[in-house]
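One structure is given here, and the rest of the page talks about it.
The values are calculated or read from the model by the stated rules, or taken from the named source; none is laboratory data. This one's a predicted model, so the numbers in the text were calculated from it and none came from an experiment. Reconstructed Cβ throughout: ideal geometry from the backbone, glycine too, with neighbour counts over all protein chains shown.
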Amino acid sequence: MKPCIVYLLAAWATAMAAGCDTSSQQPAAPQTPPQPAPSERNVAVEQTAEGELTIQPINHSAVRLAFKGRQYYVDPAGKADWDALPKADVILITHEHRDHLDPDVVAKIRTADTVILASAAAAAKAGFGEMIEIGQTRQVLDITLEAVPAYNLTPDRLRYHPRQRKDNGYILTFAGTRVYVAGDTEGTEEMRALKDIDVAFLPINLPYTMPAAEAADAARAFKPRILYPYHQGTSDPAEVRRLLADETAIEVRVLALP
């Protein structure tokens, strides 16, 4: 056999072997799953007597509720993809702390027609919005809104949310479905006396509000059908679920909302 033929055969054999050798090949990069749109993250849908209610905890303080094509935000503040979220028909502000009242975020989601309601101190600080006081009830678009007390009880926490400042929590009623967003508070007597709450948002971050155990104890008193521990700080929302494991009528939804 001529040398050139031997060389060609050897080269062919080497190429074939290399083609079959997978030991040096890099594994395919894992596919990153598509991320949900900002308006679809942490979303739950509940049925009311007049259609679907969309519930979306957004972050530490902010909650979005959608009903009959209208968007209701409570305490829109902090980090989120606000430009990609729906514009607000109604904005509710519980109190004037920066993690609940953020004028820059409000400016991103409001329109010329947005209804803004806030506690007296928050409205005064913001320079916009209409005041709603504890005990007042309003019809706001398609819902009924009630302002309820939010304040601290423990002596070393009183400076954060004193009762005399009259911070608000809110009960929003969507065709009979009642959603309670507590704002910054401890487990007050007014909270414990609430009735017929379907969905509740209770804060659990120390030292500003209450620990998980106090939130769980308050929930035992008024028994919401669904409970979101939010405003978490370094507290573990799963602790609330563990403490309420024997309360089969309360569904505790655990999300990371630091």
>> Here is a list: Leu92, Leu101. Which entry is surrounded by 21 or more Cβ atoms within 10 Å (Cβ to Cβ), closer than 15 Å to Arg64 by Cβ and not polar (S, T, N, Q)?
In response: Leu92
> Does Gly187 meet the test of being farther than 18 Å from Ala218 by Cα, among the small types (Gly, Ala, Ser) and either touching a helix residue (DSSP H, G or I) at 6+ places or on another chain (Cβ under 9 Å) or surrounded by 15 or more Cβ atoms within 10 Å (Cβ to Cβ) (or both)?
Replying inline: no
> Can you name every residue in region 234-244 that is in a loop (DSSP other than H, G, I, E, B) and either more than 15 Å from Ala221 (Cα to Cα) or at pLDDT below 95 (or both)?
Replying inline: Thr234, Ser235, Asp236
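To keep it simple, each residue is scored yes or no on (1) at pLDDT 95 or above; (2) touching a Lys or Arg at 6+ places or on another chain (Cβ under 9 Å); (3) not charged (D, E, K, R).
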{"site": "Ala11", "(1), (2), (3)": "no, no, yes"}
{"site": "Gly19", "(1), (2), (3)": "no, no, yes"}
{"site": "Pro30", "(1), (2), (3)": "no, no, yes"}
{"site": "Pro36", "(1), (2), (3)": "no, no, yes"}
{"site": "Ala44", "(1), (2), (3)": "yes, yes, yes"}
{"site": "Thr48", "(1), (2), (3)": "yes, no, yes"}
{"site": "Gly51", "(1), (2), (3)": "yes, yes, yes"}
{"site": "Asp75", "(1), (2), (3)": "yes, no, no"}
{"site": "Ile91", "(1), (2), (3)": "yes, yes, yes"}
> Which residue pairs have Cβ atoms under 7 Å apart, sit 6 or more places apart or on different chains, and have a first residue in region 103-121 that is farther than 21 Å from Glu146 by Cα and a second that is modelled with pLDDT under 95 and surrounded by 17 or more Cβ atoms within 10 Å (Cβ to Cβ)?
Replying inline: none
>> Among the numbered criteria (1) under 26 Å from Leu255 (Cα atoms); (2) in contact with a Phe, Trp or Tyr (Cβ under 7 Å, 6 or more places away or on another chain), which one does Asp142 miss?
In response: (1)
>> Let me confirm something: among Tyr151, Tyr208, which residue is among the hydroxyl-bearing types (Ser, Thr, Tyr) and modelled with pLDDT under 95?
In response: Tyr208
> Within region 129-144, can one find any residue that is hydroxyl-bearing (Ser, Thr, Tyr), closer than 22 Å to Leu85 by Cα and surrounded by 15 or more Cβ atoms within 10 Å (Cβ to Cβ)?
Replying inline: no
